[in-house]
Amino acid sequence: MKKLMIPEPIKGEPFRYYVHSETVGNETHVVDLASNNGNGECSCTDFQMRRGPNLNKNGGVTVHYYLDKDGKVGKDATTCKHIHSAMLEFAVQTARSVCVQERAKPQTIRESDDGLPF
């Protein structure tokens with residue numbers, strides 16, 4: 001039975017996450033989103049055996065994790081599902097942080113060229 005892969009940030013390391021294995025019991029992978037010029041790196045076998053070598057073959061060009069028409073991971077992908085999961089979590093947390101910061105700023109009324117509020 002598959003489990004949810006919920007990335008957990010590694011305290012004090014803003015680009016690193018623990019991501020639990022979806023299929024293997026208590027196995028946890030370490031994902032570093034800053035590695036490989038932002039492509040990321042994962043301790044899982046899929047990344048080590050397939051995705052990392054793909055990155056080298058592609059000259060460092062990222063091909064994000066995707067499913068092909070048959071529902072299989074794209075053979076040319078350079079990120080694994082754990083990196084993909086951590087990237088999504090990082091994006092959500094970053095967006096939430098920016099929203100909180102923006103809401104904390106004093107609101108200003110923008111004016112049109114004639115001095116009237118829009």
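The values are calculated or read from the model by the stated rules, or taken from the named source; none is laboratory data. Small disclaimer: the values here were computed from a predicted structure and weren't measured. Every residue, glycine as well, gets a Cβ built from its backbone with ideal geometry; the counts of neighbours run over all protein chains shown. When the accessible area is computed, the model is the full protein with side chains, heavy atoms only, and any ligands, DNA or RNA have been set aside. Shrake-Rupley method; radii C 1.70, N 1.55, O 1.52, S 1.80 Å.
Matching residues to (1) farther than 15 Å from His84 by Cβ; (2) open to solvent by less than 70 Å² (accessible area, probe 1.4 Å); (3) of a type in the set (S, T, N, Q):
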site	(1), (2), (3)
Pro9	yes, no, no
Gly12	yes, no, no
Thr28	yes, yes, yes
Asp32	no, yes, no
Ser35	no, yes, yes
Glu41	no, no, no
Gln48	yes, no, yes
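What's the total number of residues in region 1-47 that are in a strand (DSSP E or B) and either among the hydrophobic types (A, V, I, L, M, F, W, C) or farther than 22 Å from Thr78 by Cα (or both)?
7
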Every listed condition ((1) within 13 Å of the chain's Cα centre (by Cα); (2) at pLDDT below 95) holds for Ser35 save (2)
Tell me which residues, restricted to region 68-98, are among the small types (Gly, Ala, Ser) and more than 15 Å from the chain's Cα centre (by Cα).
Gly71, Gly74, Ser97
Residues of region 14-26 being out of contact with any strand residue (DSSP E or B) (no Cβ under 9 Å at 6 or more places or on another chain) and open to solvent by 80 Å² or more (accessible area, probe 1.4 Å), in sequence order, are Pro14, Thr23
Which pairs have Cβ atoms under 9 Å, sit 6 or more apart or on different chains, and link a residue in region 49-75 that is farther than 17 Å from Asn37 by Cβ and part of a loop (DSSP other than H, G, I, E, B) to one that is open to solvent by 90 Å² or more (accessible area, probe 1.4 Å) and basic (Lys, Arg)?
Asp68/Lys75; Lys75/Arg50
Subset of region 77-108 (residues that are open to solvent by 70 Å² or more (accessible area, probe 1.4 Å) and in a loop (DSSP other than H, G, I, E, B)):
Lys105, Pro106, Gln107, Thr108
